1. Using θ = phi - 60° and the Karplus curve 6.51 cos²θ - 1.76 cosθ + 1.60, what whole-Hz ³J(HN,Hα) does each residue of segment 314-320 get, with Gly and Pro shown as x?
2. Taking H placed 1.01 Å from N in the peptide plane, check which residues at least 5 places from Arg99 or on another chain put their amide H under 5 Å from its amide H.
3. To the nearest 500 deg cm²/dmol, what mean residue ellipticity at 222 nm is calculated for the chain from DSSP H runs of n ≥ 4 alone, each contributing -39,500 (n - 2.57), summed and divided by the residues?
4. Starting from 0.36 nm per residue, how many nanometres of slack lie between Thr210 and Gln108 once their C-alpha separation is accounted for?
5. Picking from Tyr283, Tyr33, Tyr90, which is most flexible by a Gaussian network model of the chain using Cα springs under 10 Å?
6. Which lysines have a Cα lying under 17 Å from the Cα of Lys311, excluding residues fewer than 8 positions away in the same chain?
7. Please find, in a Gaussian network model of the chain (springs between Cα atoms separated by less than 10 Å), the residue of Glu246, Glu158, Glu114 whose mean-square fluctuation is greatest.
8. What do you get for Rg/Rh over segment 277-336 if you use C-alpha atoms and the Kirkwood form of Rh?
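Quick note: the coordinates plus some simple rules give every number you see, no bench work behind them. Remember, predicted model here, so these are calculated numbers, not experimental data. Note: ideal-geometry Cβ built from the backbone for every residue, glycine included; neighbour counts use all protein chains shown.
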Amino acid sequence: MTGFATFGEIMLRLTPSLSGGKLLTAHEFSVNYAGAESNVATSLACLGDQVDFISKVPDNPLGKAALLGLNKFGVITNKVLFGGERMGTYFIELGKSIRPSRVVYDRQGSSLSEIKAGEFEWSSILKNKVWLHLSGITPALSDQCAEETILAAKVAKEMGIKVSFDLNFRRTLWPNGHEARMIFDRIIEHSDLIFANLGVLHDVYGLQFTEKSSVDRTRKAMLKASSLFGVHQMAFTIREHCSASENKLQGMAFSNGEITISKSFDVQIEDRFGTGDAFAAAYLHAINKEWEVNKAIEFATAAFALKHTIKGDMHTSTEEQILSIMDGNLSGHVIR
């Protein structure tokens with residue numbers, strides 16, 4: 001068995017071309033294609049892993065351009081379905097200093113959101129895969145997307161394929177946290193590895209922790225989440241907001257009862273979108289290579305930090321480049 005699979009929606013990303021530009025006044029936009037699961041797929045491919053992206057896109061130039069954008073990094077897309085009427089779109093207003101970033105979604109009625117039962121032959125799609133990666137965003141798109149995500153996890157588990165689930169929660173896509181929890185719990189039932197953070201545990205599960213430091217709160221949250229979810233492998237991101245332009249970042253891993261904490265990074269932010277996906281991909285890559293947990297969480301956190309310096313959602317750094325950051329090469333000197 002070889003390779004990874006990810007399942008989700010890839011969208012058209014439009015960002016004001018003018019640096020620091022607002023959506024309200026933008027006249028020109030930069031065009032990219034991205035989505036949580038496709039971001040993970042791209043990162044894995046750039047790390048040298050074999051990865052299939054599973055989705056549905058419209059049979060038009062936008063859908064084909066999105067797949068070509070993945071193909072150039074080595075992501076396999078031959079199992080993506082064509083159909084439906086439109087590409088999901090999201091607009092990003094990048095924040096700076098005291099002004100936060102903002103996302104406006106326009107994805108209702110997208111090709112993936114209107115899938116029907118039976119369109120994906122999961123036993124065939126997942127043949128010879130080692131990992132299936134899912135996120136909490138896809139189940140929010142429609143009732144069938146929720147059922148399809150649950151089914152994919154269930155079939156994978158039955159086939160002996162490991163399932164990783166990122167508890168991504170988007171407030172604007174769900175009626176409330178309770179609705180998300182009912183779906184998340186059904187996916188977690190079949191999951192081997194959970195990605196999360198303090199925010200989603202509060203928003204979806206109503207958990208709040210009062211320890212003084214974010215590290216202590218995350219440690220407490222991991223222990224609670226392990227008991228609540230019944231999983232033995234988790235990786236959490238830790239983010240301290242100094243401003244929209246500067247964050248302090250760490251990672252924490254839970255493996256069979258043991259907690260491991262990475263060193264921290266202070267980063268100046270070029271683009272924070274897709275950073276959690278970079279973390280997830282790097283951690284998956286590391287544990288698939290059977291690295292020790294300490295090395296895996298340090299590697300994932302270095303990828304998490306490095307992605308903040310790259311425009312766009314996709315993290316295209318190689319294993320060597322991430323290892324260099326992990327090893328403390330943070331001066332930014334020109335490489336000649």
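1. 7, 9, 10, 6, 8, 4, 4
2. Correct list: Ala244.
3. Result for the chain, helices only: -10500 deg cm²/dmol.
4. Length gained between Thr210 and Gln108: 32.9 nm.
5. Of Tyr283, Tyr33, Tyr90, the Gaussian network model singles out Tyr90 as fluctuating most.
6. Lys311 reaches Lys22, Lys96.
7. Checking each option, the largest mean-square fluctuation is seen for Glu158.
8. On the way: Rg = 11.3 Å, Rh = 11.7 Å.
Looking at segment 277-336, the ratio lands at 0.97.
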